[in-house]
Amino acid sequence: MAIRCIDELQIDGRPLFLRVDFNVPVEGGKVKDATRIEAALPTIRYALERGARLTVASHLGRPKGKVVAELSLEPVAELLSELLGQEVKMAPDCIGPEVEALAQGLKEGEVLLLENLRFHPGEEKNDPDFAQALARLGEVYINDAFGTAHRAPASTEGITHYVQEVGCGFLMKREIEYLMGALSEPQRPFVALLGGAKVSDKIGVIRHLLGKVDALLIGGGMCYTFLRAQGYNVGRSLVEEERITLAREIMKEAEAKGVDLLLPRDHVAAEEFSPDAQRKVVRNEEFPRGWVGLDIGPETVKAFAERISGAETVLWNGPMGVFEMAPFEGGTKGVAEAVASAKGTTIVGGGDTVRAVTQFGLAEKITHVSTGGGATLELLEGKTLPGIAALDR
Ligand code: AMP
């Protein structure tokens, strides 16, 4: 791919249109979680230091093409202004003559935040007229909104056809580097660790990774469909009956490709799906009838940790158990510690998994924590994302 990053483009003194992901929770006119705003700061600061005349755009929530006062980006402008220590001008809309005049009036190093892109139906429809109206606000276009890269709205796809130059921001660059670069030519051994609730959500990821990894470790709710396919009784654990045949096929495919597919050998099983239920550690052969498997057991953690620590590249998506309930967090915590102390490149993606490593205070020790949800999964499925392809010139 030939994608240029903001630091490879001439931006000094030029009008720059920056698409970011400021889709943050807002309550009572205040931003409740600034993580996404902070994540965009390196790109914003760089642009301002270089003297760009910066227009920043984002969507917020789902106003469905209409103006919804509670979904205004005004509170974001306030917070961004505090974080940058300079005024952030708030535009009354994201297109139109008044907004164009504001963008044109920007001096070098000044910043304007556009109002919610989704107040216009043209955004999600990727309407060419709307895309052209946005394009009038910048000569150079930079996309740093990785979380929306699996979609093709006007502000990430359409607009790229009407500006002089396009590129990515620092956040997007890291995601591309790790999720595409590191995974397409991984240092070996390459070990992938998959968990989460269902096999059906991860079929695309499993299939794609089977062609790349040396070992695939499967935990979480999805392991029970595989164990059933191997003939084990798994009580009332989460099993997708209609995927048992597929699980069998995947195991055969792994064997044919020389991929080690590791399944749990023991579990933390409980009488009920509840933190207060009676629980015990059981091996595959002795799963109690009527009980549910809610976490991988200590022997499995040890086996998985060994593979993880010997790997040069580790990719992890999906918790190993119901980590939201303290009695069933041990498996997820155990592998998180192994991933955090692994010597190789470690990549963690997916909302729940990221929440887990953050909860355990280990996020800092991971080489790359991916910020995307759907976008991360689709990249791991080997798909071309429209928001990334649009930057490829
Ligand atoms: P996903 O969104 O597919 O990554 O799934 C994450 C969810 O899977 C989390 O909310 C976990 O609580 C859940 N999960 C993990 N292990 C199990 C399990 N053994 N049984 C039921 N749910 C599980």
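The values are calculated or read from the model by the stated rules, or taken from the named source; none is laboratory data. The structure displayed is predicted, hence computed values, not measured ones. Cβ atoms come from the backbone with ideal geometry, glycine included; neighbour counts cover every protein chain shown.
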Of the conditions (1) more than 16 Å from the ligand (Cβ to nearest atom); (2) modelled with pLDDT of 95 or more; (3) within 30 Å of LYS343 (Cβ to Cβ); (4) under 16 Å from the mean Cα position of the chain (by Cα), the single one that CYS168 does not satisfy is (4)
Note: among VAL292, VAL282, VAL357, just one is touching a helix residue (DSSP H, G or I) at 6+ places or on another chain (Cβ under 6 Å), among the aliphatic types (A, V, I, L, M) and either within 18 Å of GLY221 (Cα to Cα) or within 16 Å of the ligand (Cβ to nearest atom) (or both), namely VAL357
Taking segment 94-111 and the residues there that are part of a helix (DSSP H, G or I) and not aliphatic (A, V, I, L, M), the one that is surrounded by the fewest Cβ atoms within 10 Å (Cβ to Cβ) would be PRO97
Expected output for segment 44-56 (first residue more than 19 Å from ASP93 (Cβ to Cβ), partner among the hydroxyl-bearing types (Ser, Thr, Tyr), Cβ below 9 Å, 6+ apart or cross-chain) is ALA52/TYR46
Scanning segment 179-219 residue by residue, the ones that are more than 16 Å from the ligand (Cβ to nearest atom) and surrounded by 21 or more Cβ atoms within 10 Å (Cβ to Cβ) total 6
Exactly one of ILE206, ILE244 is β-branched (Val, Ile, Thr) and either in contact (Cβ under 8 Å) with a residue 24 or more places away in the chain or not in a helix (DSSP H, G or I) (or both), and that residue is ILE206
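Which one of VAL339, VAL369, VAL335 is within 13 Å of the ligand (Cβ to nearest atom) and in the same structural domain as VAL191 (by TED's automatic domain parsing)? Spell out the reasoning first.
On the way: VAL339 fails: within 13 Å of the ligand (Cβ to nearest atom); VAL369 fails: within 13 Å of the ligand (Cβ to nearest atom).
Only one candidate passes the filter, namely VAL335.
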Quick check, is GLY231 part of a loop (DSSP other than H, G, I, E, B), within 16 Å of the ligand (Cβ to nearest atom) and on the phi > 0 side of the Ramachandran plot?
no
Segment 277-393: helices (runs of 4 or more DSSP H) wholly inside it with 2 or more residues that are farther than 28 Å from GLU240 by Cβ are 298-309, 330-341, 386-389
Pairing a residue in segment 15-33 that is in the same structural domain as TYR46 (by TED's automatic domain parsing) with any residue that is among the β-branched types (Val, Ile, Thr) and assigned to a loop (DSSP other than H, G, I, E, B), where Cβ atoms lie under 9 Å and the two sit 6 or more apart in sequence or on different chains, gives PHE17/VAL163; ARG19/THR156; ASP21/THR371; VAL31/VAL24; LYS32/VAL24; ASP33/VAL24
Taking segment 29-51 and keeping only residues that are under 18 Å from ASN143 (Cα atoms) and either among the basic types (Lys, Arg) or under 20 Å from the mean Cα position of the chain (by Cα) (or both), one is left with THR35, ARG36, ILE37, GLU38, ALA39, ALA40, LEU41, PRO42, THR43, ARG45, ARG50
From the option list MET325, MET320, single residue qualifying as within 12 Å of the ligand (Cβ to nearest atom), surrounded by fewer than 23 Cβ atoms within 10 Å (Cβ to Cβ) and at negative phi is MET325
- Query: Can you find even one residue in segment 152-166 that is closer than 17 Å to ASP21 by Cβ, free of Cβ contacts under 8 Å to residues at least 40 places away in the same chain and in a loop (DSSP other than H, G, I, E, B)?
  - Reply: yes
Counting only residues in segment 248-273 that are within 15 Å of the ligand (Cβ to nearest atom) and under 29 Å from the mean Cα position of the chain (by Cα), the one surrounded by the fewest Cβ atoms within 10 Å (Cβ to Cβ) is identified as PHE273
When every residue in segment 336-379 that is charged (D, E, K, R) and in contact with a Ser or Thr (Cβ under 8 Å, 6 or more places away or on another chain) is compared, the one farthest from GLU324 (Cα to Cα) is LYS343
For segment 313-326, pairs from a residue that is in contact (Cβ under 8 Å) with a residue 40 or more places away in the chain and of a type in the set (A, V, I, L, M, F, W, C) to a residue that is within 7 Å of the ligand (Cβ to nearest atom) and assigned to a strand (DSSP E or B), with Cβ under 8 Å and 6 or more apart or across chains, are MET320/ASP295; VAL322/LEU294; VAL322/ASP295; MET325/LEU294
- Taking VAL191, is it at pLDDT 95 or above, farther than 24 Å from VAL76 by Cα and in the same structural domain as GLY293 (by TED's automatic domain parsing)? yes
Would you say GLY330 is within 16 Å of the ligand (Cβ to nearest atom) and modelled with pLDDT of 95 or more?
yes
